[in-house]
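Below is one structure, written out as structure tokens; comments come after it.
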Amino acid sequence: MSDARFATVEQWVCEHQDRETIRALAAAYQRGCDGGWDGPSHADPDHLASLFCHDATYKIPQRSQPARGRDEIRDVFADLQASLPHVIHYLTNDSITLNGDRAHGEFKGIAAIWSEGRRHLAFGFYTGQFLRVEGQWRFQSWQFELVHPPRRPRVAEESS
């Protein structure tokens, strides 16, 4: 194999590995947020905050302003333990663009939520900026935008 072709293959492998690592980061975020049946959702706010850069931003529909920095982000996750106690996330259809130690990603997301005795599904899009810091990919920004307001599914009433 020529040196040029070897370099091309090596670059492809590195890019593939970076994309897989970013997917794994997004999945770790989802798993860290899940819970409620066997324990609280967002059970380890410190771990979740550690997935973000120190100066990151985090924006979700439950808050009007983005959280800035790991301390504020950690506090959001701690608050969500009480306000969103039962949730399971699904992440799919990713698109990740690499640019050296920076990346941009878009994902579709679904959350199954049980709150205040009601169940509903939330559908939306995650948009993220990622930064490789000391060899580790982290969220530089992470935002979830609903594509509709969450609604309680209709259940047919049983006949008496």
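For n ≥ 4 DSSP H runs only, could you compute -39500 (n - 2.57) per run for the chain, divide by its residues and tell me the 222 nm figure to the nearest 500?
Per the formula, -11000 deg cm²/dmol.
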What do you get for chymotrypsin sites (Phe, Trp or Tyr not before Pro) in segment 37-91 restricted to DSSP loop and a cutoff of at most 16 other Cβ within 10 Å of the site's Cβ?
Trp37
Based on DSSP loop calls and a cut-off of at most 14 other Cβ atoms within 10 Å, the longest stretch of the chain free of exposed GluC sites (Glu not before Pro) is what?
1-115
Fluctuation leader among Gly109, Gly117, Gly135 - the chain, Gaussian network, Cα springs under 10 angstrom:
Gly117
Using +1 at the Cβ of each Lys and Arg and -1 at the Cβ of each Asp and Glu in segment 3-146, identify which of Ile73, Gln129, Ser115 lies farthest towards the dipole's positive end.
Ser115
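Roughly how big is the chain's charge dipole about its Cα centre, with Cβ charges of +1 (Lys, Arg) and -1 (Asp, Glu), in debye to the nearest 20?
460 debye
Work through the residues other than His42 whose Cβ is under 13 Å from its Cβ and net out their charges, Lys, Arg +1 and Asp, Glu -1.
-3
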The computed P(r) of the chain puts the percent of Cα pairs beyond 26 Å at 33 percent
Segment 79-106-segment 1-63 distance, computed between alpha-carbon centres (Å)
8 Å
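Determine, for Trp12, Trp137, the number of other Cβ atoms within 10 Å of each Cβ, and report the residues in order from fewest to most.
Trp12, Trp137
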In terms of the charge dipole of segment 3-146, which places +1 on Lys and Arg and -1 on Asp and Glu at the beta carbon, the residue among Ala49, Ser64, Gln17 farthest towards the positive end is Ser64
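Throughout, read-outs are computed from the coordinates displayed, never taken from laboratory work. All values derive from a computational prediction rather than experimental measurement. Don't worry about glycine lacking a Cβ; one is built from the backbone with ideal geometry, like all the others, and counts go over all protein chains shown.
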